[in-house]
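Notes follow once the structure below has been shown.
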């Protein structure tokens, strides 16, 4: 990949390079914040349920139901998993725009 000069992100430009750099940073921050919460919440679900199979059933039930019916660790697992997925999508968008070289 060719070397590029740093792109200033202070302006309000819709240049694809600026949007790519911003999306990559935001995606990485979302993943860095949400992924440890997801892993820790699942570990808490394993400890409270007593077995890995019961915890994975609880995690599957939390993700298949609506957000408003969940409570406690299930709600935290649901929200942190969605945050991780959103971070992956935003990071992917940034990488896609960066790879286009428009």
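List of remarks:
- Condition check for residue 34: surrounded by 16 or more Cβ atoms within 10 Å (Cβ to Cβ), at pLDDT 85 or above and within 28 Å of residue 98 (Cα to Cα): yes
- Tally, over the range 40-60, of residues that are surrounded by fewer than 18 Cβ atoms within 10 Å (Cβ to Cβ) and closer than 15 Å to residue 80 by Cα: 4
- Within the range 12-33, residues that are more than 23 Å from residue 81 (Cα to Cα) sit with their Cβ atoms under 7 Å from residues that are part of a loop (DSSP other than H, G, I, E, B), at 6+ positions apart or across chains, in these pairs: 16/102; 17/7; 18/7; 18/9; 21/7; 21/9.
- Any chance residue 76 is modelled with pLDDT of 85 or more and within 22 Å of residue 14 (Cα to Cα): no
- Beta carbons closer than 6 Å, at least 6 apart along the sequence or on distinct chains, pair a first residue in the range 51-62 that is more than 14 Å from residue 73 (Cα to Cα) with a second that is surrounded by 11 or more Cβ atoms within 10 Å (Cβ to Cβ) for 52/46.
The values are calculated or read from the model by the stated rules, or taken from the named source; none is laboratory data. These figures come from a predicted structure and were not determined experimentally. Virtual Cβ from ideal backbone geometry, glycine too; neighbours counted across all protein chains shown.
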